[in-house]
Amino acid sequence: MKVDSYRIVLTGLGGQGLVSLLQILGNALKIEGYKVMTSETHGLSQRGGKVTCFLSFGNKLLAPIPMIGTADMIIALEESTILDVLNFAKPDKSTNLIISTYEKHEIEKDYPSLEYLLDALYEISENIYFIPAHEVAVKSLGNLKTMNIVILGYILKFLPIKRDVIETAIKENFLGKRFEMNLKALSEGQKLISKNF
Amino acid sequence: MNYNKIVSGKAGTEKFFLGNEAIVRGAIESGIDIYTFYPGTPSSEVGENFMEIFREAGMRWVEYSINEKVAIEVAGAAYARGAKAMVGMKNVGLNVASDPLFALATTRPKNENSAMVILVADDPQQYSSAVEMDSRYFLKIFKIPALEPSNPQECLEFTKEAFNISKELKLPVILRTVTMISHARSNVVIGEIKTSGIEENFDLSKEVNVASRVYFLELKEDQIYNRLKRALEMSENSSLNRIVNENSKNPYDLGIITSGVSYSYTNEALDFFELEAPILKIGFINPLPERKIAEFLRNFKQIFVIEENDTFLETQILAIAQKNRFNVKIHGKDPFSYSKENTLLPMVGELNPTKVALALVKVLNLKPRIDLRQINKKYNLMARQAILCAGCPHRATGYALQKAIKKIKLKTGKDIYFYQDIGCYTLLALPPFSFANVKYCMGSSIALAQGVARTSVSLNIAIIGDGTFFHSGIPALINGIYNNTPILVLLLDNGWIGMTGQQPNPGSDTRYYKEGSTKEAINLEDFLHGTGANISTINHYEKDDEKYISNLTKLIFEKGVDVIENRKLNVILIRDECIQKTIKREAPTIRYVNPELCNNCGLCYNKLMCPAIDSKEEFAFIDRNLCLGCGICEEICPNNAIEKEEPK
Ligand SMILES: Cc1ncc(C[n+]2csc(CCOP(=O)(O)OP(=O)(O)O)c2C)c(N)n1
Ligand code: SF4
Ligand code: SF4
């Protein structure tokens, strides 16, 4: 599989490991021979608020922010945050929506209802995947923080990245014990691929 | 973080670098001797990387300077003496550094090796800034050359070019980036690392401290009519200013002029419409290549100038078109009209490909294959604001302050106003605390409080962090002490520069940061006592004081009343470490809620609002994945329902 151009939007909350996910994914795609462009978020925008990052790759260098209506994949590490970036989905409903079912509620704020969310999503895409990444992360790995890598394992299904390449990329990001744990998280995520959501 | 990757690797290999990392690599490939900086998003990673690798890379010196003014002075004198020097800051940092930069820009080092690059990282959309500031007009005021990269690879190349230009012209060169370039990560092909060309002998005569007015005016003439003129020639001939897709055709007779990150947005939008247009990409943004621009304008009926924020390019291009009497329609922001209706691109906020595409639709009357307006749907989102970390010491301060001011009001009947500064504690301006009446920029709070204290009988409280106090709060405090102005200063000493990523400041514990072993920490308490002011200190570093909140509340109450009743300036030094730094050394003692004892009063989740605490139907609940173990909820719980988890 060789890809001309592919655009991914990633969203979630500060502290969920969005930037690590982005770095590993981008590095792996770079090793696979693509021109990769990502935009990371640092600083205040990470203090618990919503974070959106982008990753584009292909045979030429793309912009650090894509156009609305052009994303091939949208990943949300927290369920409700997907609503912030649905405008990036393609109008032909082909965009893969990868949604972690983790919900972070806030005191005295209405969390979007599941009904509202599903209505919005089905109108936008025919390829929706709800992934219980937090449950896997906590139950199988005992660490909520590995949720991002569980998702990474799952999305490999759509991307031109070999297993040994992604391992190399993870190794460049995490050392020692954290490497081992994240490798496990990756495998747990890959196991989810055979399940249907 | 893997810093080694910056220095390792053979020339010609490809790395996956952040724009900011590519800048560091570019500087090392230029034989840089010294880098000085003050952290600020989105520029901070440049300094952090230099700090890790500078000895290995053979550089003479790297420092976190106390502020941008000092940083540019340290680097500036090194430049005068023959070093290849670089200084880094965020956009507003340039305001602080601007005073010395005037003189620095005009002087002309005599040493062959002298070169100086000034990194200024703008933050359109003010993601992490108190104001949205486009630094480019400063280039006209300082009269210095500037380059603007449009991707990480160019970050590396333009840094090298900036050093070359500066070395040749003996003018400092600004390297201007924006958040989306500094924080973009991409494939970067590296070159050869160069060793320093610095010499032990140098000529500093008449360089740094020139007292003669006449001499300085002569230097200014040389700066404008000689050095800038040569810079203009360089800009005209530079491959950094080049026409992309020169031979492409479009039915609209349209040419585009753009620079930096806007160049990539332009390409994305053109791709979307499957449209091609010649693009004059400006990388050498000051001085602008007048001839090259004129030659480009000549070829088109319509020109679209695409730039973010201010109309730095557009106003100059309009002038060039007028001077040459070209009959070309120049589209952009119509800078002289100040009209929101006339502008095709916003002057406020970040640009993106969608905004460029919508503007193209307008200019060319395009019928896009998908209706952009329709995709741009609004959803009912859950708003989330940035909040202090779980376990942040500022939350404890906010909680105590809230209680204390109620008591002060009750006792004295006086109004109370708050002056915020720039740091994580700025978030105390948001609910549930809402402590903010006026806020300007770093270091302002203590002076702001004085302005109102001098013109009213209210109690005025300045809230400032240790990092900001060192940066620029000290003169304002001395002003208040000397004038005997009755204000209350809360100095929130969390030991680090929390907001930009826990960098050290002169008060930081030297055991806990790289290079700390080479430093001499300044004891903030001793320093304050030296001023002779009323200083009280409260210490929560050990986090073992079960009455911390009530002691702090009492202290603020007493000192607040003292300010009002005895018209005395008071400083309370609140020492409580940034929890993000503490947890890097020791595992936190996580708290849990005992459901048997919790009566769901909501104090911990509504009033303290720690993000690790949520409310389940009948009781409060602490998410053990989020708690960082500050213990404040345990102290404030009236039912003693919050307890320590036994360490596993
Ligand atoms: C002139 C200027 N330089 C740099 C910055 C970036 N910046 C924002 S807050 C901050 C320092 C905050 O440190 P401190 O006062 O100790 O507060 P903390 O975040 O640790 O609570 C810095 C450097 C800025 N806003 N303005
Ligand atoms: S839950 Fe309690 S102990 Fe844990 S971080 Fe929040 S306030 Fe501190
Ligand atoms: S980084 Fe430190 S000072 Fe800033 S919010 Fe987090 S704990 Fe508080």
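Here are some notes:
- Helix B:393-412 vs. chain B, principal-axis angle (Cα, 0 to 90°, nearest 10): 60
- Length added when fully stretched, B:Arg585-B:Thr315, from 0.36 nm per residue minus Cα-Cα: 91.8 nm
- Area projected by the alpha carbon convex hull of the stretch B:62-210, averaged over all directions, nm²: 9.2
- A DSSP coil position with no more than 11 other Cβ atoms inside 10 Å describes the following trypsin sites (Lys or Arg not before Pro) in the stretch B:485-593: B:Lys514, B:Lys547.
- Taking every C-alpha pair closer than 8 Å and separated by at least 6 residues, the mean separation divided by the residue count of chain B gives a relative contact order of 10 percent.
- Residue-wise HN-Hα coupling along the stretch B:229-236, computed from phi with Karplus coefficients 6.51, -1.76, 1.60 (Hz; x: Gly, Pro): 4, 5, 4, 4, 4, 4, 4, 4
- Restricting the GluC sites (Glu not before Pro) of the stretch B:133-238 to loop positions (DSSP other than H, G, I, E, B) with no more than 11 neighbouring Cβ atoms within 10 Å leaves B:Glu192, B:Glu200.
- Dipole magnitude (debye, nearest 20) for the stretch B:241-373, charges at Cβ of Lys, Arg, Asp, Glu: 420
- Size of the stretch B:330-413 as Cα extents on the principal axes (Å, biggest first): 67, 32, 20
- Whole-number accessible area per residue in Å² for chain B, which is evaluated in the context of all protein chains at 1.4 Å: 41
- Scaling against 2.2 N^0.38 Å puts the C-alpha radius of gyration of chain B at 1.07.
- Alpha-carbon centroid distance for the pair the stretch B:231-294 / the stretch A:173-197, whole angstrom: 45
- Restriction of the trypsin sites (Lys or Arg not before Pro) in the stretch B:252-302 to DSSP coil positions whose beta-carbon has at most 14 other beta-carbons within 10 angstrom yields B:Arg298, B:Lys301.
- Taking label positions 7 Å along the Cα-Cβ direction at both B:Arg242 and B:His529, the computed distance is 6.4 nm, reported to one decimal.
- Sequence ranges B:451-463, B:366-378, ranked by mean other-Cβ count within 10 angstrom, highest first: B:451-463, B:366-378
- Shape category assigned to the stretch A:63-108 from the gyration tensor of Cα positions, a/c cut at 1.5: prolate
- Here the extension length gained between B:Gln385 and B:Arg454 equals 21.4 nm, from 0.36 nm per residue of separation less the Cα-Cα distance.
- The residues B:Tyr64, B:Tyr379, B:Tyr425, sorted by heavy-atom accessible surface at 1.4 Å with ligands and nucleic acids left out, run B:Tyr64, B:Tyr379, B:Tyr425 from largest to smallest.
- Axis angle, to the nearest 10 degrees, between helix B:353-364 and the longest C-alpha principal axis of chain B: 40 degrees.
- Taking Cα centre as origin and charging only the Cβ of basic (Lys, Arg, +1) and acidic (Asp, Glu, -1) residues, the dipole magnitude of the stretch B:393-582 rounds to 700 debye.
- Take each residue in B:371-381, count the other chain C-beta atoms within 10 Å of its C-beta, and the mean is 5.
- Calculated P(r) tail over 27 Å for the stretch B:241-373, as whole % of Cα pairs: 11
- Length-normalised contact order for the stretch B:403-503 - Cα pairs under 8 Å, 6+ apart - percent: 28
- Computed over chain A, the P(r) tail beyond 32 angstrom holds 9 percent of alpha carbon pairs.
- Here the accessible area of the protein assembly as shown is 50 percent carbon and sulfur, with a 1.4 angstrom probe and all protein chains present.
- Pairwise centroid distance, computed over Cα atoms, of the stretch B:483-525 with the stretch B:76-127, Å: 25
- Contact surface A-B: accessible area buried, both sides summed, square angstrom, 1.4 angstrom probe: 4900
- Remark: relative contact order (the stretch B:326-473) = 16 percent; criterion is Cα-Cα distance under 8 angstrom and separation of 6 or more residues.
- Computed from label points 7 Å out along Cα-Cβ, the spacing between B:Lys568 and A:Lys60 is 7.2 nm.
- Solvent-accessible heavy-atom area per residue, rounded to whole Å², over chain A at 1.4 Å: 38
- With a 10 Å cut-off around each Cβ of B:182-193, the average count of Cβ atoms from other chains is 5.
- Annotation: the antiparallel percentage among DSSP beta bridges lying fully within the stretch B:241-373 is about 25.
- Shape of the stretch B:591-644, Cα gyration tensor, a/c cut at 1.5: rounded
- Amide H within-cut-off set for B:Val189, under 5 Å, with H built and near neighbours excluded: B:Lys15
- Spin-label model distance (nm) - A:Val165 vs B:Lys340, 7 Å beyond Cα toward Cβ: 4.7
- Derived scalar couplings ³J(HN,Hα) [the stretch B:159-173; Karplus, 6.51 cos²θ - 1.76 cosθ + 1.60; whole Hz; x for Gly, Pro]: 4, 5, 4, 4, 5, 4, 4, 5, 4, 6, 8, 6, 10, x, 10
- Using a Förster distance of 51 Å, the FRET efficiency for A:Val3-B:Glu646 (Cβ separation, nearest 0.05): 0.50
- Dipole moment magnitude, nearest 20 debye, the stretch A:6-194 about Cα centre, only Lys, Arg, Asp, Glu C-beta charged: 840
- For the stretch B:514-519, putting each phi into the Karplus relation 6.51 cos²θ - 1.76 cosθ + 1.60 with θ = phi - 60° gives couplings of 4, 6, x, 5, 9, 10 Hz, in residue order, rounded to whole numbers and with x for Gly and Pro.
- Tensor-based shape of the protein assembly as shown (alpha-carbon gyration tensor, a/c under 1.5 rounded, otherwise prolate or oblate): oblate
- Between 0 and 90 degrees, the angle of helix B:260-272 with respect to the longest Cα principal axis of chain B falls at about 70 degrees.
- Here, the stretch B:129-259 yields an orientationally averaged convex hull projection of 13.0 nm² when only Cα atoms define the hull.
- Within 10 Å of each Cβ in A:33-39, the average number of Cβ atoms from other chains: 5
The values are calculated or read from the model by the stated rules, or taken from the named source; none is laboratory data. No experiment lies behind these values; they were computed from the predicted model shown. No Cβ is skipped: glycine too gets one built from the backbone with ideal geometry, and neighbour counts run over all protein chains shown. Quick note on the areas: whole protein, heavy atoms, side chains included, nothing else; ligands and nucleic acids left out. Shrake-Rupley method; radii C 1.70, N 1.55, O 1.52, S 1.80 Å.
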